[in-house]
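Just below is one structure, and these are the notes that go with it.
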Amino acid sequence: MSKLIDIPLRHWHASGSAAQQAAALQALEEGQVVLLPALGFPLQQEEHALLEGVAGSAKNISWEPARGVRGHDDACDASLLAALMQRYAGHTQRLLAGLLPGYVPHLQQGKGSFRPVEIAGRATSWRKDDTRLHVGSFPSAPTQGRRILRVFTNIHPRGAPRVWKLGAPFEQVAQHFLPVAKRPQPVLAALLQWLHVTKSRRTPYDHYMLQLHDAMKADLDYQAQVEQQTHAFAPGQTWIVFSDAVSHAALRGQHALEQTWLLPVRAMAAPHKSPLAILERQLQRPLA
């Protein structure tokens, strides 16, 4: 089965048909990627300079409404970058309203990011190496069971694709790595929160998701042998994914925008398909 489905929306403010809405909802909750192959994010004239001016920055420049832009270098026009990312966040909100209307009343806005640096060949630690298959988890910002819904758009100005690898379903990932996962330590979770290492209490769910993330990246045999598909997202394409459930890796690409939205499990059409429910079934205890 393909790990992607195409939905031919061309405008960020468009409402999907009832069939498109149903297909997108089902695909996302079953661990597929929803691809919008004709939905690009055109830059304003003055914003094109940002693609050349941040090449030496960190791999991700983040943006939040309350904190602004973080991670950029001093030469970057921070106000222009913040306006770009805020505009993109608004576009993603309108997209989700038209394609996943049942989610919208429950969505909580997370960070946005601009990813200006070429992925391939970038020196990094194994834990931060996103060219290795992994499931999404936030070490310093526990989700406490909420889903991580992300919207990406390739905005490369010269035609370079953003290449992803998609791996095994989440249930198989959990079955493979949970037997070797360490058990959570509530005292440690409380200490991390008290020291402000984490923004809130790390639940057992967050602990196990981090264990899966790290175990996947550390196991090179698994990386080489697990089932996987590769897909190139062209400039002018947008895709949506629950990154906490979809095993993925970014192999190469430069200049992408991303916006994160958090969704409570209870707002899903099929809560039993969430990573929280899957982990609780396999471990036979509550985690959030």
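The values are calculated or read from the model by the stated rules, or taken from the named source; none is laboratory data. All figures in this text were calculated on a predicted structure; none of them were measured in a lab. Cβ atoms come from the backbone with ideal geometry, glycine included; neighbour counts cover every protein chain shown. Calculation scope for accessible area: heavy atoms of the full protein, side chains included, ligands and nucleic acids excluded. Shrake-Rupley method; radii C 1.70, N 1.55, O 1.52, S 1.80 Å.
Output the residue which, of all residues in the range 121-173 that are β-branched (Val, Ile, Thr) and under 21 Å from Thr230 (Cα atoms), is most open to solvent (accessible area, probe 1.4 Å).
Top of the filtered list is Thr131.
Among the residues of the range 237-247, which ones are small (Gly, Ala, Ser) and either modelled with pLDDT under 95 or not in a loop (DSSP other than H, G, I, E, B) (or both)?
Within the range 237-247, no residue meets the criteria.
Any idea which of Arg158, Arg162, Arg183, Arg150 is under 30 Å from Gly90 (Cβ atoms), of a type in the set (Lys, Arg) and at pLDDT below 95?
Arg158
How about the range 210-236: which of its residues are assigned to a helix (DSSP H, G or I), over 15 Å from Phe170 (Cβ atoms) and not aliphatic (A, V, I, L, M)?
Asp214, Lys217, Asp221, Gln223, Gln225 - these are the residues of the range 210-236 that are assigned to a helix (DSSP H, G or I), over 15 Å from Phe170 (Cβ atoms) and not aliphatic (A, V, I, L, M).
Just to be sure, is Gly71 modelled with pLDDT under 85, open to solvent by 60 Å² or more (accessible area, probe 1.4 Å) and farther than 30 Å from Pro8 by Cβ?
no
Determine the pairs where a residue that is part of a helix (DSSP H, G or I) and aromatic (Phe, Trp, Tyr), located within the range 1-28, has a partner that is crowded, with 17+ Cβ neighbours inside 10 Å and modelled with pLDDT under 95 with Cβ atoms under 7 Å apart, the partner being 6 or more residues away or on another chain.
none
Is it true that Gly145 is closer than 22 Å to His272 by Cβ, of a type outside the set (Ser, Thr, Tyr), in contact with a Pro (Cβ under 9 Å, 6 or more places away or on another chain) and in a loop (DSSP other than H, G, I, E, B)?
Here the answer is yes, as Gly145 does meet what is asked.
Tell me, please, whether a residue that is hydrophobic (A, V, I, L, M, F, W, C), more than 20 Å from His72 (Cβ to Cβ) and in a helix (DSSP H, G or I) can be found in the range 117-132.
No.
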